[in-house]
Every structure is written in C-alpha cells, then in structure tokens.
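The values are calculated or read from the model by the stated rules, or taken from the named source; none is laboratory data. Keep in mind it's a predicted model, so treat the numbers as computed, not measured. We place every Cβ from the backbone using ideal geometry, glycine too, and count neighbours over all the protein chains shown.
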Amino acid sequence: MQPAISPTISRSPVLAPAESIPADQVLRLALAPLTDWVFEAEDWGERPELGLSVQDMSGWGSEWSRDRQIFWNPQPPAYVFKWDFSVSAARYLRINLTAAPDYAPLTIRLGCYRQTAANYYQLLSEHVMYHDGYATSVRRQSVGFPIVVDPKCKTADMYRLLFVAKPSEGRTFGGIDNIVVQH
Ligand SMILES: [Ca+2]
C-alpha cells in the first residue's frame, strides 16, 4: 500500500451553473468540444509558508487571465510546492507561466495516480516538464504535456503537480498564471 497523500492545497474545480438547452440545439451541443477546465493559480491565495502571493499583472500587458498570477518566492530548503487535483477526460495539460529576467528555472513534475482505497493513491506514471523562467522582459509562456499519449495518465483518478525551482544568483522567483486541461 502506498503512503497516503495529503492534498494540502487541492481545490475542486468550480462548476458552472447548469443551463437549459433548447431542443433544437441538443445535437449541436453533443458534437461540440467540451469546455476546457481552467484553474486560476491565483485561487491558491496567499500562502506565505510556501512563498505564494497573488500579484496584479495588469501593468505588464493583457496576456494574464483575470490580470492576476501567483507570484512564487521559492522557500528553502526544497524550493518546491505541490498541488493535487482531479479532472476527468483529460487529453492535454497546459501550464501558463511567467518568464522574467529575475525568474528561476522550474522543473514541473506531473504525477498520474490511481485511487486504491480511501485516501490511498498509487503512482501510475510521471512526466517532467521544464520551464527556463528567463526572458529579457516580463512575458507569459506555456509548457504542456499531451496526457492522451499515456493511457495510464489518461485514466488517472488524481494528478499531482510538483513545482521545483532552481534559484541561482539574480534569478530566484517564479510566476504561474493558470493551469488548463483540454478535454
Ligand atoms: Ca490568472
């Protein structure tokens, strides 16, 4: 049995209110792609123990969703935080991040888990993404992973993202705008 995972900052996706659908639009709706599941990183809120704070990005352009990101000041000794979430029918994961002259390189590990019992999860597979973090000016960048190529990951009950920073002289921060799962 794998050790229990405590999803310290998990949040359930916010469900949109149900809408009534006119009869003549039902077929068209069935053929339409599902809406992307979007989690705004700023909804993690202020978490000083993790170095997370909410930052207004409207001074740097209009690329950031809701004009806000999580500004991350990675905390020693590990310079890491984790986020657990579950979402069904995942095909592609995209993480929209910020790059800037003083932002550190990030390694982002995606773990795909199967639930084996109440509060017990088994790691099925893991994939690693890399974000250099550096840009000459503040800008938005994306990293992604095609979940659909890994059957174990595609049918996972839970996903874990580990954000690991590698701070160096003059490059110590990070920024996360949102996390998008395409169905
Ligand atoms: Ca945002």
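A few points about this structure:
- Reported count of residues in the stretch 82-111, each being within 18 Å of residue 129 (Cα to Cα) and out of contact with any Gly (no Cβ under 8 Å at 6 or more places or on another chain), is 12.
- Among (1) among the aliphatic types (A, V, I, L, M); (2) closer than 30 Å to residue 59 by Cα; (3) surrounded by 15 or more Cβ atoms within 10 Å (Cβ to Cβ); (4) out of contact with any helix residue (DSSP H, G or I) (no Cβ under 6 Å at 6 or more places or on another chain) - the single one residue 93 does not satisfy: (4)
- Scope the stretch 22-53; condition part of a loop (DSSP other than H, G, I, E, B) and either modelled with pLDDT of 70 or more or not aliphatic (A, V, I, L, M) (or both); matching residues: 22, 33, 35, 36, 45, 46, 51
- Restricting 152, 82 to those that are assigned to a helix (DSSP H, G or I), away from the ligand (no atom under 16 Å from the Cβ) and of a type outside the set (A, V, I, L, M) reduces the list to 152.
- Condition check for residue 101: surrounded by 12 or more Cβ atoms within 10 Å (Cβ to Cβ), part of a loop (DSSP other than H, G, I, E, B) and modelled with pLDDT under 95: no
- Count of residues meeting criterion [near the ligand (Cβ under 8 Å from one of its atoms), in contact with a Lys or Arg (Cβ under 7 Å, 6 or more places away or on another chain) and more than 16 Å from residue 163 (Cβ to Cβ)] in the stretch 42-70: 2
- For residue 172, the test of being modelled with pLDDT of 95 or more, out of contact with any Ser or Thr (no Cβ under 7 Å at 6 or more places or on another chain) and not small (Gly, Ala, Ser) is passed.
- Tally, over the stretch 126-155, of residues that are closer than 23 Å to residue 67 by Cβ, among the basic types (Lys, Arg) and loosely packed, with under 15 Cβ neighbours inside 10 Å: 1
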